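Presented below is the structure to which this report refers.
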Amino acid sequence: MRPTRVLAVLLATAALAAACTQDGSSRTGEWEPDDALQRVQRALDADDADTTLIAEASKFVVSGIDQTLDTPGEKPYRFDMVCDSNSVPTINLTLTRGGTTRTFEVRCGGSQAVRLNVPAGQPFVAEVPSIETDPPPSGVIVWNLSTLAPPDVQGCPDDIQGCEPWRTELHGSTR
């Protein structure tokens, strides 16, 4: 088990303990972190591309994400994200590189990961705003950064910069 997977399991266990009522019984119909992490992992694993994992992390939806990611070398990168929550329908993922910023809507509870291509080069920042509501929402966000072979790049080769419609036709279907 990878260290971040251990962290995710520990976070999920802590969330499950916090979700218990005072008498120690679990609330029926509530979001279950263990089940959520299994769904998230299935979504991330549902891919035929031969990738090499570079970085991964998980955070609770309430915390959001603010992560700078390095993309050195020659191989293209892919940023995969999954959100699982029964109280937040979508989150906004913003990717910034240099002076370019793009925002993507990530559906929470979907069975597919959002997969975004990023060419090698200068670092980029991935941000999801924290959610400050009372009560705080339950949910988890898990992301992976991987390298892949150039022929395995599907869709736009640079989802941060974006592609002209004619360019995406040359590189596969768009999302």
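Since every read-out is calculated from the coordinates, none of them should be taken as a lab result. It should be emphasised that the depicted structure is a prediction, and the values quoted were computed from it without experimental measurement. Ideal geometry is used to build each Cβ from the backbone, glycine not excepted, and the neighbour counts take in all protein chains shown.
Using a Förster radius of 22 Å, what is the FRET efficiency between S63 and A149 based on their Cβ-Cβ separation? Nearest 0.05, please.
Calculated value: 0.05.
At 7 Å along Cα-to-Cβ for each site, give me the label-to-label distance between T52 and E164 in nm.
Placing both labels 7 Å beyond Cα along the Cβ direction yields 3.3 nm.
Spin-label point model (7 Å from Cα, Cβ direction): what's the R42 to T133 distance in nm?
The answer from the label model is 2.5 nm.
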